[in-house]
Amino acid sequence: MRKNSDAAEREHVVTLFDVARLAGVSTATVSRVVHGQDRVREATRIRVQQAIEELGYVPDGAAQSLSRRRKEIIGMVCVERQAQQYDIENMNLLFYDEVLRGVESLIRDREWSLLITFMRGANDPEFRRLESFSGRVDGIIIGEGIVPSPFLERLATRVPVVVIAGTPDEWAADVVTADNRSGSAAVVSHLIRDHGKRRLFWVSGPANSPDSSQRRLGLDQVLHASPQARLVGWHQGNNSVQSGEEAGERLVAVPREDLPDAIVCANDQMAIGVLKALAEADIRVPGQVAVTGFDDIFPASQCEPPLTTVHQPMRRLGERACGRLVDRITDPSLTPTVELLPTELVLRSSCGCPPGTVTRRGGPHSARPARPAAKA
């Protein structure tokens, strides 16, 4: 009976030959597609990928590791936001600059190299380019968690993957991220408890940004526990200074008596844009309205007034993500984990604290197994 069961099980194992037969190509071509190599026509690549998905083929990780030598190269995928202005809009690169310093500090002693690419969005052409990229490295750090779970799972069958700034409860992969929810809750609690703010306005990041989503959850958590305070409106931004200015221009168009008590922004760039719009309309910060950000990029301390924000350990994110990736390259059987790095509330005068105040308050830190991604 067992022999029959084993035979049936073997009959259901999808092989490289099955994919080649369905796609009408050679096994060598299938292998090149699986390993992300370039020597395949685009139409052929698409046909092979469709066959892989239709058959549910999963490459044998052990066989792949035997078929290629270690390259001693780490890949880093960053998200490129389109900038309207060259200088100030490129402040989003300050985040990646710090993360990359952390990655480089870890691999330097190993004498490994770092290969960087930028994605412009979550679309099929970018994913196909990322598959090709995976053939050139031993493992990939994805800089923001905008890669859909099905593609992430497929990519992880090729090379080890670690996600920075992923949603902790969604990814079936290693995630290293800042504790965005606690950081956001800390700054909102400070506005309500210490400054008596009651009418809050939220400036959101992109809808597909895990960081922005977690920061909104922190805001909602505090408002739910604070019946004296409420959200009076929100603006959909895109993490740029320009979108912050647009939010500010929308607010200054209302009668002064209808202004919110505080504007809570999902990142520092948008908060800086809000400050610009308010200054141009002669609205005093924090006299008439408080403004806060998140991330603690360097320009936040140079604003007028200096920006109250939440510091996330960007360089440490790079170090921990790279360390986890190297561990997974060494041992692919490791159980995926989520590591939350602590954030700090940085109090400056844009929230109403006395000028010259710079106070840091720490937050929690935790690590736990990742929850498997929900199947579609």
Once R0 is set to 45 Å, what does the formula 1/(1 + (r/R0)^6) return for the Cβ-Cβ distance between GLN302 and ARG110, expressed as a FRET efficiency to the nearest 0.05?
0.80
Loop-located trypsin sites (Lys or Arg not before Pro) in the stretch 175-216 whose Cβ has at most 15 other Cβ within 10 Å (DSSP)
ARG198
Two-site label geometry, ASP97 and VAL254: point separation in nm, points 7 Å out along Cα→Cβ:
3.6
Coil-residue GluC sites (Glu not before Pro) of the stretch 100-132, DSSP, other Cβ within 10 Å capped at 15:
GLU111
Work out, step by step, the length gained on full extension between ALA43 and HIS224: first 0.36 nm times the residue separation, then minus their alpha carbon distance; give nm to one decimal.
59.9 nm
Point-to-point label distance, PHE118-ILE73, nm (Cα→Cβ direction, 7 Å offset):
2.0
Gyration tensor over alpha-carbon atoms, the stretch 146-230, equivalent ellipsoid semi-axes in Å
33, 11, 9
Per residue, what volume in Å³ does the Cα convex hull of the stretch 218-365 take up?
139
FRET E, pair ASP282, GLN236, Förster distance 41 Å, beta-carbon r, rounded to 0.05
0.95
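Here, each number is a calculation from the coordinates, and none is a lab measurement. The structure presented is a predicted model; accordingly, all values stated were derived computationally and were not measured. As a convention, Cβ positions derive from the backbone with ideal geometry for all residues, glycine included, and neighbour counts pool all protein chains shown.
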